[in-house]
Amino acid sequence: MTAELIVGPMSRYADATRASIWVETSEPCVVTVEAGDVRGRERTFTVHGHHYAIVDLDGLTGAVPYTVALDGERVWPPPDGGLPPSRVRPLSEPRRLLFGSCRTSVPHDARHVLTHGVDVLRAYGHRLMNAPDEEWPDTLLLLGDQVYADEPSARMLEFIRSRRDGEPQDEVADFEDYAELYRQAWTDPEIRWLFSTLPTAMIFDDHDVRDDWNTSAAWRETMADVPWWRGRIISALGAYYLYQHLGNLSPEERAADPLYARLRSGEGDQGAALDEHAAKADAEPTSVRWSYSRDVGRARLVVLDTRAARVLTPGARRMVDDKEWDWVTEQLTGDVDHLVVCSSLPVLLPTGIHHVESWNEAVADGAWGRRVARWAEVLRQQLDLEHWAAFRRSFEALARLLIDVATGARGTPPTTILLLSGDVHYSYLAKTRRHDIYQIVCSPIRNPLSRALRLANVVASFGLAGLAGGLLARLSRLPRPPLRWRITNGPWFQNAIATLDLDDGAATVRWHTAGPTDLTSVTEVAAVRLSPAASKARSRSVGR
């Protein structure tokens, strides 16, 4: 049978002279990518009856259109045309990052625009189709909930129910479900074109697996008793490895990955090998590192796993385990112009809710007795009290590490220290009172809160929590956080995507939205020039 493209091509890893193109195909085949004088070729590997390849291009000198052929037959650009050429874009110095999180995959008709709003990523892609090169972002960062495995669309539910009668009927359960979920999320023509031409990096959050994934040890115990959960978590992490994680890695990192070598061995379907790896990753989080780091020019991008690497032991909770933390401390240093730290979960929440989450952790760990601890655990799960503040020891360690970077204790301070996050379904900017560390949140791309939940979030996060949070923290005798901060801009609750412009002296962040009447254009919500963190730190370090 003639091989066809199922998902992709997707532009993934890129550096100054190289680019990696990811594809899923309908049949085993040889994938050839040509970009000007540069050609790459790779045979697909097979996992659970699906076929994948990543083709590396080396020797690029600039952005250039490319083609994809399967067994010698050209399949991209599509023969029906209608979209601009896809280009490989080597990345030598990031000028502009495009980022956001939380994107549902539902149709773009009037009914779904009413319930889910406009897909701002799709609208931004339309904008780029006619944009000059100087307006293009260099990289797209997707910071979690790229797919919603626990809230499938009507089309996805139809697929699920067409292939099984057993449970779960309303959630993704196995690898075949996940493959279809990614296909539906990433093959809308405009999204497919955008992914084909813009280097993209990703990290998961809970909905890529299931809501509240790894909230607590009690949550894991509850899910372990669900008959279909083991198959679900294995499929979720296996699919994440193939569809998201592999493309985050450089060619050298992939070459050093034993699982990737096994998948490419050519020894038949390697579904069992992937499942074994995923099962071990869930049972032994230290066996795999999903976090990654990229140095691009004078900027460092550090993307943190804040889900799978958690330590959930009551009284000793950590956002990341000791092995992962050692890696984090190696990455968060000075001697770069811009340090950009990506965490799907915001590090700096509205201060009131921060204190509430830290209080809840203390009470769930027994600060007010066992009976109250059980109630606090229920509250933790029901209200999603699971951000960095709910892992207070990790928050404090990260805060002190960032202070050391900002004050020159870990090398020459960066011009800017920027925390990029999503998850909370509203966007805002926070700034520390000292050290000029910024938290930039952009969420959702397409999954807005209802009006009632927006009001509830404003009251809880910016009203009642602000009054009660500090009091609860003091009653629990919690130490003051090493950092003090405040929300300087926002919150904004509409669907949004953000751009971050980096230059020699500072950075500028802009939030963009779309619609509701025009589904293909974007408007600016806000723009903020971020003052450099390094200027004060450098002046303080003179004469040391």
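The values are calculated or read from the model by the stated rules, or taken from the named source; none is laboratory data. In this text, all values refer to a predicted model and were calculated from it rather than measured experimentally. Backbone-built Cβ (ideal geometry, glycine too); neighbour counts: all protein chains shown. Calculation scope for accessible area: heavy atoms of the full protein, side chains included, ligands and nucleic acids excluded. Shrake-Rupley method; radii C 1.70, N 1.55, O 1.52, S 1.80 Å.
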The rounded separation in angstrom of the Cα centers of the stretch 140-202 and the stretch 333-408 is 30
State the Cα centre-to-centre distance between the stretch 470-484 and the stretch 14-32 in whole Å. 50
To the nearest 10 degrees, the tilt of helix 465-475 (Cα long axis) against the first principal axis of the alpha carbons of the chain is 60
To the nearest 20 debye, what charge dipole does the stretch 236-310 have about its Cα centre, counting +1 at the Cβ of each Lys and Arg and -1 at the Cβ of each Asp and Glu? 420
Grab the other residues whose beta carbon is less than 12 angstrom from that of THR508, score K and R as +1, D and E as -1, and report the net. +1
Run through the DSSP bridge list for the chain and note the antiparallel percent, rounded to the nearest 5. 70
Can you give me the % of accessible surface on the stretch 336-389 that is carbon or sulfur? Probe 1.4 Å, all protein chains present, nothing else counted. 55
Accessible area per residue for the chain in Å², computed with a 1.4 Å probe and the full protein assembly in place, what is it? 39
So the FRET efficiency between GLU221 and GLN169, C-beta based with R0 = 30 Å and rounded to 0.05, is 0.80
In deg cm²/dmol, rounded to 500, what helix-only [θ] at 222 nm does the chain give when every DSSP H run of at least 4 residues adds -39500 (n - 2.57) and the total is split over its residues? -9000 deg cm²/dmol
Starting from the Cα-Cα distance between THR2 and GLU252, subtract it from 0.36 nm times their residue separation and give me the gain in nm to one decimal. 86.8 nm
Normalise the Debye intensity by I(0) for the stretch 6-80, one equal point scatterer per Cα, no solvent, then take log10 at q = 0.12, 0.19 Å⁻¹ and round to two decimals. -0.30, -0.73
Of all DSSP beta bridges with both partners in the stretch 295-355, the antiparallel percent, nearest 5, is 35
Considering the dipole of the chain built from charges on the beta carbon (Lys and Arg +1, Asp and Glu -1) around the Cα centre, which of ALA224, GLY40, PHE99 is farthest to its positive end? PHE99
